Amino acid sequence: MAERKARFRSRITPHNAASFPLGQIFIEDGPGTNDWKPYGSPYSGAPGGPYLQAESCADETHGRPPWQTGGPFRKISIEPIWPLACGNGTFTSPMNWNLFPYFGRIRYVGGFLPPYPFPGSGEDILNLDTALGIGHNVSPLLPDISSLEDSTWHRTRPPLEKGGVFVAAREMKDVPRMLSTTTRGFLDIYKKLGGDPSSGILAPKKVADHFLNHNFGWVPFIKDMTQSIDNIIFNDQHIHDLMAENNTSIRRKVRFVNSTETTNLGGDASCIMWPGNTAFIQSMLVAPSTYEVIRERETLAYGVGRFKYDIPYLDKNNPQAQGVLGAIRRQLLLHGARISPVNVYKSTKWTWLLDWGTGIGSKLENIQDVMLDNMAAEYLFLVHRQQTKYTIRQFMPFGASSGGTKVFEASRIIKTKQRKESGPFGFGSLPGTLSAKQIAILAALGISRF
């Protein structure tokens, strides 16, 4: 195995300190003459802050190619404020100004410079070394992804049980209660449609009852029934697939987070784009200027890995796979009817509530995969990508002579990428912490990477 060495790189692009032309104020040489004379020095601007763009990357080197393995990785990218100037145009004051030796309207021809620090975008007020994680491997810009570790193993590993007969049988006794709750719901709807003002259809307790009845009653029950029907129809194929994949490498890639979130971070009644807050520009407005900051966040997370499992009664050459007993054990596995820790846990009342905040169910599945099914990962990674875009919307209510209200927008984007490496039995199974049983499983599966 190639030697693994930690590596850190960073790159900071300074902005051009030299200012660039932004715009010019003109004054009319007499009211209504349209003879415009430059007034004062041109406005200029420069990108704010100590840098234009910054990025850092922490990863590993793995010797010379060909590379057979990966490793942990994280990258932070802070992209430039764009555009550097926005809202280029011609804006005219409806009132006359007395600016010796001229008397007439004021006109601004040019654009507006976005502010620095950029509102809402925290990396601008942080020490850049801290933001990029220079000298250490943490950064306040990196999302905490530790809560996804258990679900990464749970959702990425190959599912052996393709049904939930054990749990469904336990839930059968709840069907009368589920039907009773649903019937009461229909009765409430009937009363409501009949105009009964005393109906409590929207009462919080009834809403909660129907939510629980639907999401933790009917939905999993119907899912288990559907899976059982599918197993009956395609029984031979499913059993064949389980046996064919036994003690073979199975590559899996499963996406479990794919979300987009838009949040209005608020704003204020002012102009934060230069030179919009000057008296000249303010005289062109018919109402106070305002701004808001919008945050758009796109998040993607997935697990990618290669797994092996070794179950004796799935190996046609193993004595445990022979005869009626071997066939029964395969059917119990396929239909999710084994008396196993996970099935007992899932069929116990209110464990869904315990699982909601603790993830105990996923941890228990991890243990069962190892101890009951001899499953291990040749490699497994949690990959997380996030892009956060901050956008300023500056509302400038210009008068009719300037074309009415204008909206100027400028954005800054922060991108993060993380790849977190799991051990052979989950994210807590690091080399040197493996039990004798776990080491024996790795040896039986021929996994030598760890």
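Which number in (1) of a type outside the set (A, V, I, L, M); (2) more than 14 Å from residue 159 (Cα to Cα); (3) more than 26 Å from the chain's Cα centre (by Cα); (4) surrounded by 13 or more Cβ atoms within 10 Å (Cβ to Cβ) marks the one condition that residue 316 misses?
Going through (1) of a type outside the set (A, V, I, L, M); (2) more than 14 Å from residue 159 (Cα to Cα); (3) more than 26 Å from the chain's Cα centre (by Cα); (4) surrounded by 13 or more Cβ atoms within 10 Å (Cβ to Cβ) one by one, residue 316 breaks only (4).
Kindly establish whether residue 407 is among the β-branched types (Val, Ile, Thr), surrounded by 20 or more Cβ atoms within 10 Å (Cβ to Cβ) and either modelled with pLDDT under 95 or more than 30 Å from residue 249 (Cα to Cα) (or both). Explain how you work it out, then say what you get.
Details: among the β-branched types (Val, Ile, Thr): yes; surrounded by 20 or more Cβ atoms within 10 Å (Cβ to Cβ): no; either modelled with pLDDT under 95 or more than 30 Å from residue 249 (Cα to Cα) (or both): yes.
So residue 407 fails the test.
Has segment 100-112 got at least one residue that is touching a strand residue (DSSP E or B) at 6+ places or on another chain (Cβ under 6 Å) and within 20 Å of residue 132 (Cα to Cα)?
Within segment 100-112, not a single residue is touching a strand residue (DSSP E or B) at 6+ places or on another chain (Cβ under 6 Å) and within 20 Å of residue 132 (Cα to Cα).
Scan segment 327-342 for residues that are under 11 Å from residue 161 (Cα atoms) and at pLDDT 80 or above and jot them down.
330, 331, 332, 333, 334, 338
Considering only residues of segment 53-78 that are over 28 Å from residue 305 (Cβ atoms) and touching a Leu at 6+ places or on another chain (Cβ under 9 Å), which is surrounded by the most Cβ atoms within 10 Å (Cβ to Cβ)? Quick ask: steps written out before the conclusion?
Filtering segment 53-78 down to residues over 28 Å from residue 305 (Cβ atoms) leaves 53-54, 78.
Adding the requirement that they be touching a Leu at 6+ places or on another chain (Cβ under 9 Å) leaves 54, 78.
Details: 54: 22, 78: 26.
Filtering first and then ranking leaves 78.
Checking residue 318 against (1) polar (S, T, N, Q); (2) in contact with a strand residue (DSSP E or B) (Cβ under 8 Å, 6 or more places away or on another chain); (3) modelled with pLDDT under 95: exactly one of these is not met. Which one?
If we test residue 318 against (1) polar (S, T, N, Q); (2) in contact with a strand residue (DSSP E or B) (Cβ under 8 Å, 6 or more places away or on another chain); (3) modelled with pLDDT under 95, just (2) comes out false.
Residue by residue, here is whether (1) part of a strand (DSSP E or B); (2) surrounded by 13 or more Cβ atoms within 10 Å (Cβ to Cβ); (3) modelled with pLDDT under 75 holds:
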{"residue": "97", "(1), (2), (3)": "yes, yes, no"}
{"residue": "119", "(1), (2), (3)": "no, yes, no"}
{"residue": "131", "(1), (2), (3)": "no, yes, no"}
{"residue": "138", "(1), (2), (3)": "no, no, no"}
{"residue": "147", "(1), (2), (3)": "no, no, no"}
{"residue": "160", "(1), (2), (3)": "no, yes, no"}
{"residue": "169", "(1), (2), (3)": "no, yes, yes"}
{"residue": "172", "(1), (2), (3)": "no, no, yes"}
{"residue": "178", "(1), (2), (3)": "no, yes, yes"}
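Sort through 435, 411, 402 and tell me the only one that's within 23 Å of the chain's Cα centre (by Cα) and small (Gly, Ala, Ser). Explain how you work it out, then say what you get.
Numbers: 435 fails: within 23 Å of the chain's Cα centre (by Cα); 402 fails: within 23 Å of the chain's Cα centre (by Cα).
Sole residue among the options that is within 23 Å of the chain's Cα centre (by Cα) and small (Gly, Ala, Ser): 411.
Do you know which residues across segment 1-56 are more than 30 Å from residue 119 (Cβ to Cβ), more than 36 Å from the chain's Cα centre (by Cα) and assigned to a strand (DSSP E or B)?
Hits for segment 1-56 are 26, 27, 28, 36, 37, 38, 39.
I need the full set of residues from segment 1-59 which are closer than 30 Å to residue 284 by Cβ, at pLDDT 90 or above and among the polar types (S, T, N, Q), in order please.
Within segment 1-59, 24, 33, 34, 41, 44 meet the criteria.
Right, residue 109: assigned to a loop (DSSP other than H, G, I, E, B) and either surrounded by fewer than 21 Cβ atoms within 10 Å (Cβ to Cβ) or touching a residue at least 60 places away in the same chain (Cβ under 8 Å) (or both) or not? It would help to see each step written out before you state the result.
Values: assigned to a loop (DSSP other than H, G, I, E, B): no; either surrounded by fewer than 21 Cβ atoms within 10 Å (Cβ to Cβ) or touching a residue at least 60 places away in the same chain (Cβ under 8 Å) (or both): yes.
Spelling it out, it is not the case that residue 109 is assigned to a loop (DSSP other than H, G, I, E, B) and either surrounded by fewer than 21 Cβ atoms within 10 Å (Cβ to Cβ) or touching a residue at least 60 places away in the same chain (Cβ under 8 Å) (or both).
The values are calculated or read from the model by the stated rules, or taken from the named source; none is laboratory data. This structure is a prediction, so every number in the text was calculated from the model and none was measured. With ideal geometry, Cβ positions are generated from the backbone for all residues, glycine too; neighbour counts draw on all protein chains shown.
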